[in-house]
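The structure appears right after this line, and notes come after that.
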Amino acid sequence: MRILSLLVLVTLALPGSQASARVMEVGDAAIVEQVRSAVVNIAEWKVRAATEPGGSPRRIKVYASGFVIDPSGIIVTNKHVVDGALQMHAIFSNGDRAPARLLAAAAMLDLAVLKVDVDHPLPALKWGDSDRLQVGNPVLTMGNPLGLGMSVSAGIVSALNRNLHDSPFDDYIQTDAAINYGNSGGPLVDGNGDVVGIDTALYNPEAAGGFIGIGFAIPSNLAAYAVRFLLNPDHPKLGWIGVTLQDMDDRLAEAMGAPKATGAILSAVDPLGPARQADLRPADVLATIDGVQQSDSRAFMRSIVELPVGTTVHLAGWRNGKPLNATVSVAAWPNYMPAQGVMREQAAQMMIEKAPDPGLRLAPLTEQARKQYGLDPTLHGALVSAVEPDCEARDLGIQPGDVITYVQDQPIASPDDVRHAIETAHQERRTYLAMLVQSKSGVRWVSLSITSADS
C-alpha cells in the first residue's frame with residue numbers, strides 16, 4: 001500500500017465512493033468472453049505482525065488477481081500480492097482451484113510470476129503493445145475486487161507515463177476503469193482482448209477510501225520485458241551506468257543553461273560506476289542516448305536497463321550551458337533481484353516462532369452470556385465474544401455468540417482450554433486444528449490453520 005494516497009490493491013476493505021466510467025458497449029461482451037477464462041482470482045493467507053508487545057502474529061485472508069500468460073500454468077501478478085504470502089491458490093472462472101507457487105519476483109518493479117501445476121493446457125492471454133496506447137482509448141479491467149469474485153469494468157486510458165515515485169522506471173497508465181482492492185495483478189485489456197497493462201494501484205486522498213476514478217496499471221511492454229527476464233535465468237542482465245537522475249523543469253533548465261526542459265539532470269553518480277569513469281558529474285544534464293531524445297529521467301532509466309551489458313553508448317547533453325558528450329560502457333545492474341521465495345520464507349518463520357492469533361476473542365460461558373445470545377442452559381464450552389474483521393476465524397464463518405465445544409476429541413470447558421490446545425498444536429507442528437462450533441444455525445466442525453503446510 002502506498003501510505004496516505006496511493007492505496008495498493010490487496011486486502012479487503014469497505015468500498016468507498018463510486019466513480020463513473022464509460023458504459024459497457026456491445027463489443028465488450030465478446031472481449032470478456034475471450035479473456036475471462038485466463039484471468040484468475042488469487043486467494044492466499046498472509047501474516048500480520050503482532051500489534052502489541054508479546055502478542056501473536058495474525059493469519060489474514062488476502063484477495064488479489066492475476067492472469068495466465070502460458071498454457072503450462074504461468075501466471076503474472078503484482079509483487080506486493082505475494083509479499084509475505086504463506087499459501088496461495090489460483091481460482092479460475094469455472095471455479096477450479098489450484099495451488100500456486102512463486103517462481104520469481106522483481107525487485108524494482110511490482111511484478112511477480114507464479115506457477116500452477118494442472119493436467120491440461122490453460123487458456124492464456126497475449127501481450128498487447130502499450131506503446132500504441134493513446135489517451136481516450138477504451139479499456140477493460142478484470143479481476144477480483146473486494147474478494148467478490150470475477151468482475152469486469154469499462155473505462156478509457158485517462159493519461160500515460162504517470163510517475164508514482166514507485167521505481168526509477170515509473171511509466172504507469174492511468175485509467176478510469178474501476179480498480180478496487182483485490183484487482184491488483186489483473187489485466188487491463190484493449191479492444192482486441194490483449195493485455196496492455198497490469199492493474200496495480202488506485203488513488204484516493206482518504207486512507208481508507210476506495211476507487212474514485214483514478215487507477216494505475218504497469219504498461220504491458222515494460223511488464224513483458226520484466227517477465228521474460230524473470231523466467232529466463234540466462235537472460236542478459238539489466239544495463240546500469242551508476243547514475244541517479246531527476247526530471248528537468250523550466251527553472252532548472254534556465255539555471256543549468258540547458259536550451260529546454262527535457263531530459264534529466266544528474267543528482268548522484270556512483271563512485272564505482274561507469275558514469276564516474278566517463279567523468280559524468282552531478283549537475284550534468286543529459287538529453288539523448290545514442291542520438292535518441294529522452295523525455296524524462298524515467299525514460300532514460302528504461303532505456304539504460306535494456307542496453308546490452310558490455311556495449312558502449314553515447315550520451316549527449318549540457319554542462320554549465322555548454323554541449324556535453326560522453327561515451328559510457330554499460331555494466332550489469334548490481335543486486336537487481338532478491339532470492340526467490342524470500343518473502344514467503346520470512347512469513348513462514350513468523351508462524352514457526354509463535355502460535356498464530358486466529359482473531360477470536362473468547363470469554364467464559366456465564367449466565368448473562370447465555371441470556372444475551374439465547375444459549376441452551378446445558379451447553380458448555382468457550383464463548384466467542386468478538387471476531388476480528390480480517391482474520392481466519394471470520395473467514396471460517398465464526399461469529400460472536402458461537403460456542404466452541406470441542407477441540408479435536410477433547411471437550412472444552414473454558415477459554416483457557418482453547419488457548420492451550422492451540423499452543424500444543426503449534427508446538428507439535430500441526431498444520432490444522434479441528435474445532436466443533438455451536439452456532440444459532442447448528443453445530444459444525446471447522447479447521448483452524450496452525451502452521452503453513454509449506455513452512
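The values are calculated or read from the model by the stated rules, or taken from the named source; none is laboratory data. As the structure is a computational prediction, the values presented were derived from the model and not from experiment. Positions of Cβ are backbone-derived with ideal geometry, glycine not excepted, and every protein chain shown enters the neighbour counts.
Do we find that Ile412 is crowded, with 20+ Cβ neighbours inside 10 Å and under 17 Å from Gly359 (Cβ atoms) in this structure?
The answer is no for Ile412.
Out of all the residues in region 95-121, which are surrounded by fewer than 16 Cβ atoms within 10 Å (Cβ to Cβ), at negative phi and part of a loop (DSSP other than H, G, I, E, B)?
Result: Asp96, Ala107, Asp117, Val118, Asp119, His120, Pro121.
Which residue out of Arg228, Arg281 is surrounded by fewer than 20 Cβ atoms within 10 Å (Cβ to Cβ), part of a helix (DSSP H, G or I) and either free of Cβ contacts under 8 Å to residues at least 12 places away in the same chain or not assigned by TED's automatic domain parsing to the domain that holds Gly185 (or both)?
Only one candidate qualifies: Arg228.
Answer yes or no as to whether Ala287 is more than 17 Å from Val328 (Cβ to Cβ) and either at pLDDT below 85 or assigned to a strand (DSSP E or B) (or both).
Here the answer is no, as Ala287 does not meet what is asked.
Can you name the residue in region 255-270 that is part of a loop (DSSP other than H, G, I, E, B) and more than 34 Å from the chain's Cα centre (by Cα) and is also surrounded by the fewest Cβ atoms within 10 Å (Cβ to Cβ) among such residues?
In this case the residue turns out to be Lys260.
Restricting to region 291-325, what's the tally of residues that are buried (at least 20 other Cβ atoms within 10 Å of the Cβ) and either touching a Lys or Arg at 6+ places or on another chain (Cβ under 6 Å) or among the polar types (S, T, N, Q) (or both)?
2
Pick from Leu245, Leu252: which is closer than 30 Å to Pro323 by Cβ, at pLDDT 80 or above, outside any strand (DSSP E or B) and not aromatic (Phe, Trp, Tyr)?
That would be Leu252, the only listed residue that is closer than 30 Å to Pro323 by Cβ, at pLDDT 80 or above, outside any strand (DSSP E or B) and not aromatic (Phe, Trp, Tyr).
Hey, does region 61-71 have a residue that's surrounded by fewer than 17 Cβ atoms within 10 Å (Cβ to Cβ) and not small (Gly, Ala, Ser)?
yes
Identify all residues within region 134-186 that are of a type in the set (A, V, I, L, M, F, W, C), modelled with pLDDT under 85 and within 30 Å of Arg97 (Cβ to Cβ); write none if there are none.
Of everything in region 134-186, those that are of a type in the set (A, V, I, L, M, F, W, C), modelled with pLDDT under 85 and within 30 Å of Arg97 (Cβ to Cβ) turn out to be Leu146, Leu148, Met150, Ala177, Ala178, Ile179.
Condition first: in contact with an Asp or Glu (Cβ under 6 Å, 6 or more places away or on another chain) and either in a strand (DSSP E or B) or crowded, with 18+ Cβ neighbours inside 10 Å (or both). Now tell me which residues in region 122-138 satisfy that.
Answer for region 122-138, where residues must be in contact with an Asp or Glu (Cβ under 6 Å, 6 or more places away or on another chain) and either in a strand (DSSP E or B) or crowded, with 18+ Cβ neighbours inside 10 Å (or both): just Gly128.
Can you tell me how many residues within region 112-157 are more than 22 Å from the chain's Cα centre (by Cα) and within 19 Å of Val189 (Cβ to Cβ)?
Qualifying residue count, region 112-157: 12.
Restricting to region 141-152, and then to whatever is surrounded by fewer than 23 Cβ atoms within 10 Å (Cβ to Cβ) and in contact with a Pro (Cβ under 9 Å, 6 or more places away or on another chain), can you tell me which residue is nearest to Asp176 (Cα to Cα)?
Ser151
Only residues that are out of contact with any strand residue (DSSP E or B) (no Cβ under 9 Å at 6 or more places or on another chain) and modelled with pLDDT under 85: list them for region 322-345, please.
Hits for region 322-345 are Asn335, Ala339, Glu345.
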